[in-house]
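Working notes, beginning with the structure itself.
Quick note: the coordinates plus some simple rules give every number you see, no bench work behind them. The structure presented is a predicted model; accordingly, all values stated were derived computationally and were not measured. Note: ideal-geometry Cβ built from the backbone for every residue, glycine included; neighbour counts use all protein chains shown.
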Amino acid sequence: MLHAGTANVYESLYPILFRIAYRFCGDRSKAEDICQEAFIKYFERAEPLPDLEQTKYWLIRVLRNLALNHEKKKSRESKAYQRFARDSRLYAESGESEVLQAETRSLVQRALDRLPYNLRTVLVLKEYADLGYRDIGRVLGISEGNVKVRVFRARERLAKLLDGEL
Amino acid sequence: MIERTRCPAGETLSSWFDGEVGAPWHRAIETHLVGCPRCRAAVARLERLRERLAGDPLPAVREPPPLPAALPRPVPLWRRRLALPLPAVAAAGLAIVGLGLALALQATRTTLPWMSIKRGPTGTTELKVAAPVDDLEQLLNSLSQQTRTREIVIQLPADSQLILVGQPQLMREADFSRGQR
């Protein structure tokens, strides 16, 4: 097993963590911020974890929590902004910018973004982090059976969204 | 085993597709797929979905920003800043104080034996100690270690139920001396 030295951890795990973070939140700069924050949390640990594999799981768990916070914040801000801009001409500008932002994302990413967060995380960890059900369960703190159900439901919903082209 | 005519549930097929189904069931599903066009179509759909997810372009990973020359040093636990809601802290504080008081009361009730010393007119001293049953053994040990002879009377609670274990010393001595009188 590789020793999880500081530079080694950073260089080895950054690409995969970025990939996961991007699929979680669908926003490049936010994904980079989340990755940075996860690594800072890791380096703040009093003791490094013994190997890269455990470090990866630990970082993915942190990443998932950070992305969840981002998701909640996004939802709160979106609701507040919609209330504020309902009768304002800013609404039109906001709508336009949202459309532009959505256009830059791929169809698949937009479909992923429409999945409920608990289904999206499981599917992303399966398809983009290449984790088995047991490891996904460990990372998310759920049972293997639950992972199995969520993966299936996520696939069903995603296929419907993509078949209908959203 | 899965019958040839009975299709596996969608969840099972999905986990089989991920290689998460154990050996005997894995083989059974493979066999089933040979004769079931509906399940083959479902698997083909899963394959298409996976290919689409894998083929979706990802923004190029930029070079990770270089690590700062001096990484943040681990902050000791006692120096970390905590952001806690005030009502929760107040409630926790009250709970800790209450628990401390309760423990202190409990401790004074159980561990401190009641004691009284009375001096008789003939120069004798009467010492009464009320100790909990838990400490009785310790009390007996300490008394048995005394070298000087004292008269010790142990008064047990009225509701004590004593069970005789073994043979009393007097009876044994009487048995031993039988026939010698």
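Listing for the model above:
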quantity: Exposure proxy ranking, count of Cβ atoms within 10 Å, fewest first, for B:Thr31, B:Thr125; calculated: B:Thr125, B:Thr31
quantity: FRET E, pair B:Ala44, A:Ser106, Förster distance 22 Å, beta-carbon r, rounded to 0.05; calculated: 0.45
quantity: Which of A:Ala129, A:Val147, A:Leu161, positive extreme of dipole for segment A:106-166 (C-beta unit charges); calculated: A:Val147
quantity: Kirkwood Rh in Å, taken over segment A:106-166 so that all alpha-carbon pairs contribute; calculated: 11.5
quantity: Using a Förster distance of 30 Å, the FRET efficiency for A:Leu68-B:Ala9 (Cβ separation, nearest 0.05); calculated: 0.50
quantity: Cβ-based exposure ranking for A:Trp58, B:Trp16, in which fewest neighbours within 10 Å come first; calculated: A:Trp58, B:Trp16
quantity: Fewest-first sequence of A:Leu131, B:Leu94 by Cβ atoms within 10 Å of each Cβ; calculated: B:Leu94, A:Leu131
